[in-house]
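Step one of this worksheet: look at the structure below.
The values are calculated or read from the model by the stated rules, or taken from the named source; none is laboratory data. Source: prediction; values computed, not measured. Virtual Cβ from ideal backbone geometry, glycine too; neighbours counted across all protein chains shown. Surface areas here come from the heavy atoms of the whole protein model, side chains and all, with no ligands, DNA or RNA. Shrake-Rupley method; radii C 1.70, N 1.55, O 1.52, S 1.80 Å.
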Amino acid sequence: AKELDFSNNLYSRYPAHRLPAELVRDNALAASGLLVPQIGGPSVYPYQPAGLWEALATRNATIYVQNHGDSLYRRSLYTILKRSAPPPSMLNFDATDRSYCVVRRQKTASPLQALVLMNDPQFVEAARILAEKMVKSAPQVAARLEYGFQALISRKPRAGELLELSHLFEKQLAYFQQHPQLASQLLKVGEFPRDAQLNAAEVAAFTIVASTLMNFDEFSVKR
């Protein structure tokens with residue numbers, strides 16, 4: 001496209017840009033199958049760092065009471081937003097605190113965004129559930145990796161990418177086989193129940209793979 005239409009006069013492509021904060025979270029939930037598509041209803045209270053409202057709010061709803069069940073997986077559109085204590089994961093992806101009108105959000109790239117994708121319970125849980133789907137999708141490791149890659153990146157992995165993911169999986173599998181307690185700890189993140197019939201070390205290894213893919217540029221950047 002660049003060779004045929006270098007100046008983009010024909011609009012043959014669109015400049016790369018990061019997805020809005022809400023869609024980054026929704027995409028992770030959708031890829032894992034956790035996203036609840038219900039339309040309408042009251043605001044929901046998903047995962048949030050403990051004590052945040054108590055530390056920042058001076059009056060009116062000073063205690064954050066997290067929801068459970070399907071409310072944890074509603075679209076980000078329905079997440080409660082308190083201006084004095086907005087959801088930190090959203091702020092890290094440049095969502096506004098709604099204290100004043102913002103015509104166009106800024107788009108930054110910071111290490112905090114990678115830390116959210118690697119450590120926020122919502123993303124770890126989504127990676128864990130997607131890992132279970134990867135295990136169930138096929139008997140071969142390569143096919144499982146392709147399933148997870150396509151679910152998150154919307155294309156099949158290239159040969160080099162698949163090789164790197166295979167090495168990552170093998171390394172993590174050996175690690176979790178040697179440290180079963182850490183595998184069990186990882187699989188406890190989030191409220192959605194795990195499939196106890198699946199091998200814990202294997203699912204934990206694929207969870208790390210899925211989490212790594214969520215940090216892949218193409219997961220959060222539209223090209």
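Hey, any idea what % of the stretch 17-58's accessible area is carbon plus sulfur with a 1.4 Å probe?
With neighbouring chains kept in place, the figure for the stretch 17-58 is 63 percent.
Where does the stretch 9-53 land on Rg/Rh, using Cα atoms and the Kirkwood Rh?
My calculation of the ratio gives 1.15.
Between Leu91 and Val36, what is the FRET efficiency for a Förster distance of 25 Å, r being their Cβ-Cβ separation, to the nearest 0.05?
0.60
The stretch 1-94: which GluC sites (Glu not before Pro) are DSSP loop and have at most 10 other beta-carbon atoms within 10 angstrom?
Glu3
Please find, in a Gaussian network model of the chain (springs between Cα atoms separated by less than 10 Å), the residue of Ala196, Ala57, Ala28 whose mean-square fluctuation is greatest.
Ala196
Computed from the mean reciprocal separation of all distinct C-alpha pairs, what Kirkwood hydrodynamic radius does the stretch 38-98 have, in Å?
This gives a value of 12.2 Å.
Tell me the relative contact order for the stretch 154-223 as a rounded percent, counting alpha carbon contacts under 8 Å between residues six or more apart.
34 percent
Largest first and to the nearest Å, give the Cα extent of the stretch 91-207 along each principal axis.
51, 33, 22
Tell me, what is the FRET efficiency for Asn9 and Ser99 to the nearest 0.05, using R0 = 30 angstrom and their Cβ-Cβ distance as r? Mind showing how you got there, number by number?
Values: r = 40 Å, r/R0 = 1.34.
After rounding, the FRET efficiency stands at 0.15.
Where Lys and Arg each count +1 and Asp and Glu each count -1, what net charge lies around Phe169 among other residues with Cβ under 13 Å from its Cβ? Could you put the intermediate results ahead of the total?
Details: positive: Arg144, Lys171; negative: Glu146, Glu161, Glu164, Glu170, Glu202.
Here the charged neighbours net out to -3.
Using a 10 Å cut-off on Cβ atoms, rank the peptides 207-219, 171-183, 138-150 from the highest mean neighbour count down.
Highest mean packing first, the order is 207-219, 138-150, 171-183.
Placing +1 at every Lys and Arg Cβ and -1 at every Asp and Glu Cβ, with all other atoms neutral, what dipole size does the chain have around its Cα centre, in debye to the nearest 20?
560 debye
Remind me, relative contact order of the stretch 39-84 in percent, using alpha carbon pairs under 8 angstrom and six or more residues apart? If you can, show how the numbers build up before the last one.
On the way: 40 pairs, mean separation 23.6, N = 46.
Across the stretch 39-84, relative contact order equals 51 percent.
When the chain is fully extended, how far beyond the present Cα-Cα distance does Gln197 get from Ser84, taking 0.36 nm per residue of separation?
Stretched fully, the Gln197-Ser84 segment lengthens by 36.3 nm.
Could you identify which residue out of Ile39, Ile153, Ile80 has the top mean-square fluctuation in a GNM of the chain using Cα springs shorter than 10 Å?
Ile39
How large is the Rg to Rh ratio of the stretch 80-150 when both quantities use alpha carbon positions and Rh follows Kirkwood?
1.16
Would you please give the FRET efficiency between Glu170 and Glu54, computed as 1/(1 + (r/R0)^6) with r the Cβ-Cβ distance and R0 = 30 Å, to the nearest 0.05?
0.10
Just order 6-17, 102-113 by mean Cβ neighbour count inside 10 Å, highest at the front, would you? Don't skip to the end; give the middle numbers.
Working: 6-17: 9.0, 102-113: 10.7.
Per-residue Cβ counts within 10 Å, averaged per peptide and sorted highest first, yield 102-113, 6-17.
Please express the shape of the chain as an equivalent ellipsoid: the semi-axes are the square roots of 5 times the eigenvalues of the C-alpha gyration tensor, given largest first in whole angstrom.
Semi-axes, largest first: 30, 27, 15 Å.
Along the stretch 139-149, what does the Karplus equation 6.51 cos²θ - 1.76 cosθ + 1.60 (θ = phi - 60°) give for ³J(HN,Hα), rounded to whole Hz, x for Gly and Pro?
Rounded to whole hertz, the list is x, 8, 4, 4, 5, 5, 5, 5, 4, x, 4.
Rolling a 1.4 Å sphere over the protein heavy atoms, what is the accessible area per residue of the chain, to the nearest Å²?
58 Å²
For the stretch 91-208, calculate the relative contact order in percent as a whole number, restricting contacts to Cα pairs under 8 Å that are 6 or more residues apart.
28 percent
Quick one: plug the Kirkwood hydrodynamic radius of the stretch 1-131 (C-alpha pairs) into Stokes-Einstein at 20 °C, 1.002 mPa s, and report D in µm²/s.
Details: Rh = 16.7 Å.
The diffusion coefficient I find is 128 µm²/s.
For the stretch 51-169, with only Lys/Arg (+1) and Asp/Glu (-1) charged at the beta-carbon, what is the dipole magnitude about the Cα centre, in debye rounded to 20?
Dipole size: approximately 440 debye.
On the accessible surface of the stretch 98-223, probed at 1.4 Å, how many percent belong to carbon and sulfur atoms?
Details: 3960 of 7170 Å².
Solvent-exposed carbon and sulfur of the stretch 98-223 make up 55 percent of the total.
Report the one residue of Ala142, Ile39, Gly51 whose Cα lies farthest in the direction of the positive end of the charge dipole of the chain (charges on C-beta: Lys and Arg +1, Asp and Glu -1; origin at the Cα centre).
In the chain, that residue is Ile39.
For the stretch 117-219, give the magnitude of the charge dipole about the Cα centre (Cβ charges: +1 Lys/Arg, -1 Asp/Glu; no others), in debye to the nearest 20.
In total the dipole reaches around 200 debye.
How about the stretch 50-138: which chymotrypsin sites (Phe, Trp or Tyr not before Pro) there lie in a loop by DSSP and see at most 11 other Cβ atoms within 10 Å? It would help to have the intermediate numbers written out before the result.
Working: sites: Trp53, Tyr64, Tyr73, Tyr78, Phe93, Tyr100, Phe123; in loops: Tyr64, Phe93, Tyr100.
Here the chymotrypsin sites (Phe, Trp or Tyr not before Pro) that fit, given the DSSP loop and packing criteria, are Tyr100.
Considering only Val36, Val189, Val24, give the residue with the highest GNM mean-square fluctuation for the chain, with springs between Cα atoms whenever their separation is below 10 Å.
Val36
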